[in-house]
Amino acid sequence: MAAERMQTILATDCGSTTTKSILIEYSEEAGRYRLARRGEAPTTVEAPAEDVTKGVLNAVGEIEDLEGRTFLKENQDGVHVRQGPAGDGVDLYVSTSSAGGGLQMTVAGVVKSMTGESAQRAALGAGAIVMDIVASNDRRLPHEKVEDIRRLRPDMILLSGGIDGGTIDHVVELAEIVRAADPKPRFGVGFKLPVIYAGNKDAASAVKEELGNIVELKIVDNLRPVLERENLGPARDLIHELFMEHVMAQAPGYAHLMEWTGRFVDGKWKNVPIMPTPGAVGKLIERVAKMENIRVMGVDIGGATTDVFSVFDSDGEPVFNRTVSANLGMSYSISNVLASAGMENVMRWVPFHVDEADLRNRIRNKMIRPTTIPQELEELIIEQAIAREALRLALVQHKDLATGLKGVAQERTIGDAFEQTQTGATLVNMMDLDLLIGSGGVLSHAPRRSQTALMLVDSFLPEGVTMLAVDSIFMMPHLGVLSEVHPQAAVDVFNNDCLIKLGHCVAPTGAFKKADHLAVVSMVMPDGSTVEEKITPGELKHVALGAGEKVKTVITPIKGIDVGNGPGEIWEGTLEGGVVGLILDGRGRHPFNLPEDDANRVKMLQTWSQTLVTYPERFLTMGGGK
């Protein structure tokens, strides 16, 4: 069925604990695709069921019960994808998965900071969790590298290194290490581990001679054919393909599920491959940035990991990056957040006195019982304090990987002698960021949207003018895989049902000595009146502006302060409200410091929190304050 004639679409995401299903239908009245229903059920990839399709059937069955319609086949043997435009069933069924631990990879490169990082970016962009980076210069002895590969048991290995035409010795040495490790796949007895070679093309025959008999070797174009350019596309595409053929096919029930996903085109069945959940979210972030021509950053904070996605410019071209902070999460990894951030950094966000031992015990209890949620206000505040540090640390790690290419020769003149620009500098420029999207339980399910907005602002410290948003019910993975088949349906639902705009945040940056204000914000309100607000040093202000309401704005900063157009330059444009409203943040950025005195710190935190929850009556009746 042609994409333009699809009326009913079903999508599922098989998570590690929960399988989530959504029903999307075309609304003639609205003239676009809308979310119709959502269902969920426990994931059944582990014992006793050991069949992922059982959870899918249960999640889709919940939608059937809510809709009073049939979407499954009569014998419960799959989703009913119809050939015609009418009748029971759906026109398209797609799915993503991170059940069973998702896609876990080891990558290898000759130089860790060059081809090693390129291999890491390729794997992360394909939706993998990178367990280890093996490099010729990583200071481990050969037998230690062999032991680590055997111990980790990755689903797949990506081997890279060297530019085309360069030396082949170091690449062959890496292949010898993989051969000595003789890695075995996690799933499937008697199957060979997939290994992708994406290095110096001159070494391909030697690598094949080393590995051809013990692994399932695939050869693609070099990740770094020359030092000045990365070529990640072929490796990413093959990672996805091998994930389906070798990893997913061996997991309980996935071979069956893969036969269900697809649609009919001109009467012939066309399969739509299952996509790793993080890879699907990345696809959606990329597509939104491209279609809107904006710079986007998204974060998904889960129980075990925190993923950060971004699209920023490099040499005038948008570049997508994804990082996985595998030790930063809100349940299974919550103790790692405390260890990485330090007790002092976590406690600085708690607006009341708490005993350090008590805080440690609360965090340990959360790790022991990872599925529990806060029952008291104090527990909620502490959890959100930890989330701020997890998000902050994930952003630091993302900045370290989302960089320009290292090792690239640059032409420099005498005029460059005093500049500190260098190869490998981070691409993440918070002043250029147009849209910041938060996702994950602690953000999507916060009792008040103002709490979500404050967590995003406190942890990411956006600069200039940035729209804040949150994924309402975590359906970005579904829409990511859907965007590969039906981009319009994915974007319609993303903009109208998935993305909840919290409102613009205006945050001036720059150095100043003493001033009563950093900038003056002059707005022409929807009723035609003009409102002026001063952004005051150290203060957070809230302007009541509802979802969809836009105001023409002129922001006039003082000398040395930048709001987006350069120090001291006036910014003119349109600001948009949301369920929280406009946020005017005068708390500074470089650095951002809380008061050292404990009483002042507590008072300041309480004031900032109360500022954002002061809503006009009309917002409360609209549900914007929830």
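Where nothing but the Cβ of Lys and Arg (+1) and of Asp and Glu (-1) is charged, how large is the charge dipole of the chain around its Cα centre, in debye to the nearest 20?
Numbers: 63 positive and 84 negative charges, 96 e Å.
So the magnitude is around 460 debye.
May I ask you to evaluate 6.51 cos²θ - 1.76 cosθ + 1.60, the Karplus curve with θ = phi - 60°, for each residue of segment 345-351 and list the ³J(HN,Hα) values in order in whole Hz, giving x for glycine and proline?
Whole-Hz 3J(HN,Hα) from phi for segment 345-351: 5, 6, 5, 5, 8, 8, x.
Compare the peptides 338-349, 302-313, 27-38, 572-583 by average per-residue count of other Cβ atoms within 10 angstrom and give them in order, highest first.
On the way: 338-349: 16.7, 302-313: 23.2, 27-38: 14.8, 572-583: 21.2.
The densest-packed peptide leads the list: 302-313, 572-583, 338-349, 27-38.
Which of the peptides 131-144, 148-161 is most tightly packed, and how do the rest follow, going by the mean number of other Cβ atoms within 10 Å of each residue? Before the final figure, lay out the partial values.
On the way: 131-144: 15.3, 148-161: 22.6.
By packing density, highest mean first, the sequence is 148-161, 131-144.
Does segment 420-487 classify as rounded, prolate or oblate by the C-alpha gyration tensor (a ≥ b ≥ c root eigenvalues; a/c under 1.5 gives rounded; else a/b over b/c gives prolate, otherwise oblate)? Intermediate results must be reported in sequence, preceding the final value.
Numbers: a/c = 2.57, a/b = 1.24, b/c = 2.07.
Because a/c hits 1.5 or more and a/b fails to exceed b/c, segment 420-487 counts as oblate.
Could you please report the charge total around Glu144, scoring K, R as +1 and D, E as -1 over all other residues with beta-carbon less than 12 angstrom from its beta-carbon?
Details: positive: Arg139, Arg140, Lys145, Arg150, Arg151; negative: Asp132, Asp138, Glu147, Asp148.
Result for the neighbourhood of Glu144: +1.
Please give the FRET efficiency for Lys218 paired with Val520, using the beta carbon to beta carbon distance and R0 = 56 Å, rounded to the nearest 0.05. Mind dumping the intermediate values first?
Details: r = 60 Å, r/R0 = 1.07.
The value I calculate is 0.40.
If the reach is capped at under 16 angstrom between alpha carbons, list the lysines near Lys201, excluding any in the same chain fewer than eight residues apart.
Lys218
Among the aspartates and glutamates, which fall within straight-line cross-link reach of Lys192, defined as a Cα-Cα distance under 13 Å, with same-chain neighbours fewer than 8 residues apart omitted?
In chain and number order, the partners are Asp155, Asp182, Glu216, Glu245.
Fewest to most neighbouring Cβ within 10 Å: what's the order for Lys514, Lys534, Lys559? Write out the running numbers ahead of the final one.
Values: Lys514 5, Lys534 14, Lys559 9.
The order, fewest Cβ neighbours first, is Lys514, Lys559, Lys534.
Explain nothing, just the number: dipole magnitude of segment 102-250 about its Cα centre with +1 on each Lys and Arg Cβ and -1 on each Asp and Glu Cβ, in debye rounded to the nearest 20. Working shown, then result.
Details: 18 positive and 22 negative charges, 75 e Å.
Magnitude of the dipole: close to 360 debye.
Tell me which of Gly577, Thr18, Cys498 sits at the most positive position along the dipole axis of the chain, charges placed on C-beta atoms (Lys, Arg +1; Asp, Glu -1).
Farthest along the dipole direction, towards plus: Thr18.
What length, rounded to one decimal in nm, is gained on full extension from Ala206 through to Glu228, with 0.36 nm per residue of separation minus their alpha-carbon distance? Don't skip to the end; give the middle numbers.
Values: separation 22, 0.36 × 22 = 7.92 nm, distance 2.53 nm.
The span from Ala206 to Glu228 would gain 5.4 nm if fully extended.
What is the sum of charges around Pro183, taking Lys and Arg as +1, Asp and Glu as -1, for the other residues whose C-beta is under 14 Å from the C-beta of Pro183?
Numbers: positive: Lys145, Arg150, Arg151, Arg153, Arg179, Lys184, Arg186, Lys192; negative: Asp132, Glu147, Asp148, Asp155, Glu176, Asp182, Glu210, Glu216.
With Lys, Arg at +1 and Asp, Glu at -1, the net is 0.
Give the lysines whose C-alpha is closer than 28 Å to that of Lys501, dropping any in the same chain fewer than 8 places away, or say none.
Lys20, Lys283, Lys290, Lys399, Lys534, Lys541, Lys550, Lys552, Lys626
Provide the per-residue ³J(HN,Hα) series for segment 50-57, in order, calculated from phi with Karplus coefficients 6.51, -1.76, 1.60 and θ = phi - 60°, each as a whole number of Hz, with x at glycine and proline positions.
Using θ = phi - 60°, the values come out as 6, 7, 4, 5, 4, x, 5, 4 Hz.
Under the 0.36 nm per residue contour assumption, what length would be gained going from the current alpha-carbon distance of Glu549 and Leu152 to full extension? Before the final figure, lay out each step's value.
On the way: separation 397, 0.36 × 397 = 142.92 nm, distance 5.16 nm.
Taking 0.36 nm per residue and subtracting the Cα distance, the gain is 137.8 nm.
Starting from the amide H of Ile219, placed 1.01 Å from N in the peptide plane, find each other amide H under 5 Å away whose residue is 5 or more places distant or on another chain.
Correct list: Tyr197.
Given the rule -39500 (n - 2.57) for each run of at least 4 DSSP H residues, summed and divided by the residues of the chain, what is its mean residue ellipticity at 222 nm, to the nearest 500 deg cm²/dmol? All intermediate terms of the calculation are to be shown ahead of the outcome.
Numbers: 18 runs with 195 residues, N = 626.
Helix-only estimate at 222 nm: -9500 deg cm²/dmol.
Tell me, what is the FRET efficiency for Asp597 and Glu176 to the nearest 0.05, using R0 = 60 angstrom and their Cβ-Cβ distance as r? Let's see the in-between values first.
Numbers: r = 60 Å, r/R0 = 1.00.
Efficiency for this residue pair is about 0.50.
Identify, among Val311, Gly329, Met131, the residue whose Cα sits farthest towards the positive end of the charge dipole of the chain, taking +1 on the Cβ of Lys and Arg and -1 on the Cβ of Asp and Glu, with the dipole about the Cα centre.
Highest projection toward the positive end goes to Gly329.
Using the eigenvalues of the Cα gyration tensor, what equivalent ellipsoid semi-axes result for segment 150-244 when each is taken as the square root of five times the eigenvalue, whole Å, largest first?
Details: eigenvalues 101, 49, 20 Å².
Square roots of five times the eigenvalues give 22, 16, 10 Å.
Taken together, the values in this text are just the output of simple stated rules run on the coordinates, not laboratory data. Just so you know, these numbers come straight off a predicted model, no measurement behind them. Because the Cβ atoms are built from the backbone with ideal geometry, glycine has one as well, and the counts that use them run over all protein chains shown.
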